[in-house]
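In what follows, a structure is listed as structure tokens, so that the remarks can point back to it.
The values are calculated or read from the model by the stated rules, or taken from the named source; none is laboratory data. Since the structure is predicted, the reported quantities are computational estimates derived from the model, not experimental observations. Here Cβ is always computed from backbone atoms with ideal geometry, including for glycine, and neighbour counts include all displayed protein chains.
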């Protein structure tokens, strides 16, 4: 184990070059629906139990199935209404289990990025070769079913190894959603030296974190989304920010919760200067226009810091 | 270091589900359901009548609402009993005031423990649902088939004898199941159960002894989950239920297919003096909406089968 994987250097928010999004927008807004498949009886990972209750965990399994049977269609129609294309964090095996959902998303021009094979298969304990194989399987499967070769990654169930991002970059990946250190895209250091970045995918705005971990009331969640937007929108005028709402069809699409999400979308999309984007579009814009600047600025910041301390 | 090769094999990776219990089906793709009288939203209230034993075994886990303190945990034992002695009468009044006929999911052990209450339920004629023997008799994989079957038989026999009803519905204690529970239910003359929370409408569930119906009864909207697990206020519970009601009515309108709002209620929780008013306000909102049909599970399933 290491104290820090050194995926990025410290680079303070204050004083960075300003990012301007396409159309002069100050805030890039994206919604990332997680479309996941959880197995009823997966092999047991030595480090993490897939289900809190003994097999069969009817409650845990069936509420997640609810997301696919009922919730997905609801969220998709809602996003349609506000002109938002989802960026799908996809359990690749869902392409095989539920191709009907994949087809509906593809028809709308949604983006698909990799979220592993199943959300019940954790990375913990995998050899490098096993993890590489799993990542390539997920990329190939998604490409075969959607025609899109995914360039983004969110590790299955946020389970990582020390080499997860190295391996994803080597597989042709461009961006990761696994890091929560910033409100702007940032370069990420991978061992192969690829141009690889992190884009903001908020853990705090994630419906499952809000509802399951933090046990927040639905209307308060809706308010938090608006508050989060307000501040990022205000600051975006001078810094250029990204707001992401990561969702799960088994959480946000429940009948008692959809209203809060809808009101937040109504509010956010009612502002000018907001770029409704996908994860890939945000990554591409940043890579084409700001990556080199950010990379150089971060490096010179560090050199300054180091120089300063030596000179003192 | 590496995981066993099994970890990268996916034997169930195929179209549909990773098991054979039911068909993969998205709700919006199905034939719209029509409720009697052109109603949009069926309202099903289910009330749990439960016994939490003081000498809880906690196998394979302590049930939600069960004992948490060292033996004898009199605070939780007696507080749960409060629901059956006092709280449930406040619920009866609320149901009668808003002309709702709920179902009652009753632990088999309650027949001996509170015969007066069972007589009242029998008199009311509301649908009785079997709710296992008691809240510490969890159906789970560690039980022998014969033992699980015996619990089920005893529960159904005692409720059928005491109420004179056929008793065809089932809700497992803590909604926990063994891999065999659905097969055993079908063998014991049960027609529907409500443990699975993967749909907003009933669907067919396959067992070795024929199909069951599943009835939707969302866990995450029930009083226990919202108020006791999430620690949300009573007002927030009301708002969540009302938001669900309004949403489902709109979805029914837009899709042309009937929807169901089902609520699982605990007299030991909502029957408290400071909470009952929030149930009343909730019912007032729901029943004042046009197109709401207060219905029992049997009425809903009859309409589904039509």
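Residues in segment B:207-231 that are surrounded by fewer than 20 Cβ atoms within 10 Å (Cβ to Cβ), within 11 Å of another protein chain (Cβ to nearest Cβ) and not in a helix (DSSP H, G or I): B:230, B:231.
Residues that are within 14 Å of chain B (Cβ to nearest Cβ), free of Cβ contacts under 8 Å to residues at least 12 places away in the same chain and in a helix (DSSP H, G or I) within segment A:101-153 comprise A:103, A:129, A:130, A:133, A:140, listed in sequence order.
Considering segment A:203-222, and only residues there that are in contact with a strand residue (DSSP E or B) (Cβ under 6 Å, 6 or more places away or on another chain) and crowded, with 20+ Cβ neighbours inside 10 Å, the residue that is farthest from residue A:9 (Cα to Cα) turns out to be A:207.
Looking at this structure, is residue A:88 away from chain B (no Cβ under 11 Å), under 30 Å from residue B:5 (Cβ atoms) and touching a helix residue (DSSP H, G or I) at 6+ places or on another chain (Cβ under 7 Å)? Considered against the rule, which asks whether it is away from chain B (no Cβ under 11 Å), under 30 Å from residue B:5 (Cβ atoms) and touching a helix residue (DSSP H, G or I) at 6+ places or on another chain (Cβ under 7 Å), residue A:88 comes out as yes. Based on this model, can you work out whether residue A:223 counts as out of contact with any helix residue (DSSP H, G or I) (no Cβ under 7 Å at 6 or more places or on another chain) and either within 14 Å of another protein chain (Cβ to nearest Cβ) or over 30 Å from residue A:62 (Cβ atoms) (or both)? When the stated conditions are applied, residue A:223 passes them. Against the condition under 30 Å from residue B:191 (Cα atoms), in contact with a strand residue (DSSP E or B) (Cβ under 6 Å, 6 or more places away or on another chain) and surrounded by 22 or more Cβ atoms within 10 Å (Cβ to Cβ), how does residue B:267 come out, does it pass? No: the conditions fail for residue B:267. The single condition among (1) under 22 Å from the mean Cα position of the chain (by Cα); (2) surrounded by 14 or more Cβ atoms within 10 Å (Cβ to Cβ); (3) away from chain B (no Cβ under 12 Å); (4) part of a helix (DSSP H, G or I) that residue A:288 does not satisfy is (2).
Rundown of residues vs (1) within 14 Å of chain A (Cβ to nearest Cβ); (2) buried (at least 20 other Cβ atoms within 10 Å of the Cβ); (3) outside any helix (DSSP H, G or I), yes/no style:
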site	(1), (2), (3)
B:3	yes, yes, yes
B:6	yes, no, no
B:10	yes, no, yes
B:18	yes, yes, yes
B:22	yes, yes, yes
B:28	yes, no, no
B:37	no, no, no
B:45	no, yes, yes
B:53	no, no, yes
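Among the residues of segment A:91-100, write down those that are touching a residue at least 12 places away in the same chain (Cβ under 8 Å), within 9 Å of chain B (Cβ to nearest Cβ) and closer than 21 Å to residue A:77 by Cα. Within segment A:91-100, A:98, A:99 qualify. Can you name every residue in segment A:140-175 that is touching a strand residue (DSSP E or B) at 6+ places or on another chain (Cβ under 6 Å) and under 25 Å from residue A:97 (Cα atoms)? Scanning segment A:140-175 gives A:142, A:146, A:148, A:150, A:152, A:153, A:154, A:168, A:173. Does segment B:261-276 hold any residues that are under 15 Å from residue B:294 (Cβ atoms) and more than 10 Å from chain A (Cβ to nearest Cβ), and which are they? Within segment B:261-276, B:262, B:263, B:265 qualify. Please go through segment A:163-181 and give me each residue that is surrounded by 23 or more Cβ atoms within 10 Å (Cβ to Cβ) and within 10 Å of the chain's Cα centre (by Cα), ordered by number. Across segment A:163-181, the qualifying residues are A:175, A:176, A:177. The set of residues in segment B:232-260 that are touching a residue at least 12 places away in the same chain (Cβ under 8 Å), more than 9 Å from chain A (Cβ to nearest Cβ) and either surrounded by fewer than 18 Cβ atoms within 10 Å (Cβ to Cβ) or over 15 Å from the mean Cα position of the chain (by Cα) (or both) comprises B:234, B:235, B:237, B:238, B:249, B:252, B:253, B:255, B:256, B:257, B:258. Filtering A:236, A:270 for residues that are crowded, with 24+ Cβ neighbours inside 10 Å and more than 30 Å from residue A:119 (Cα to Cα) leaves a single hit, A:236.
Results for (1) at pLDDT below 95; (2) part of a helix (DSSP H, G or I); (3) farther than 15 Å from residue B:39 by Cβ, shown as yes or no for each residue.
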{"site": "B:257", "(1), (2), (3)": "no, no, no"}
{"site": "B:260", "(1), (2), (3)": "no, no, no"}
{"site": "B:269", "(1), (2), (3)": "no, yes, yes"}
{"site": "B:286", "(1), (2), (3)": "no, yes, no"}
{"site": "B:298", "(1), (2), (3)": "no, yes, yes"}
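The rows are residues; the columns are (1) at the interface with another protein chain (Cβ under 8 Å from one of its Cβ atoms); (2) crowded, with 18+ Cβ neighbours inside 10 Å; (3) free of Cβ contacts under 8 Å to residues at least 12 places away in the same chain; (4) more than 21 Å from residue B:180 (Cα to Cα).
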{"site": "A:36", "(1), (2), (3), (4)": "no, yes, no, yes"}
{"site": "A:39", "(1), (2), (3), (4)": "yes, yes, no, no"}
{"site": "A:46", "(1), (2), (3), (4)": "yes, no, no, yes"}
{"site": "A:52", "(1), (2), (3), (4)": "no, no, yes, no"}
{"site": "A:58", "(1), (2), (3), (4)": "yes, yes, yes, no"}
{"site": "A:66", "(1), (2), (3), (4)": "yes, yes, no, yes"}
{"site": "A:75", "(1), (2), (3), (4)": "no, yes, no, yes"}
{"site": "A:79", "(1), (2), (3), (4)": "no, yes, no, yes"}
{"site": "A:83", "(1), (2), (3), (4)": "no, no, no, yes"}
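Of all the criteria given as (1) assigned to a helix (DSSP H, G or I); (2) within 14 Å of another protein chain (Cβ to nearest Cβ); (3) in contact (Cβ under 8 Å) with a residue 40 or more places away in the chain, the one not satisfied by residue A:295 is (2).
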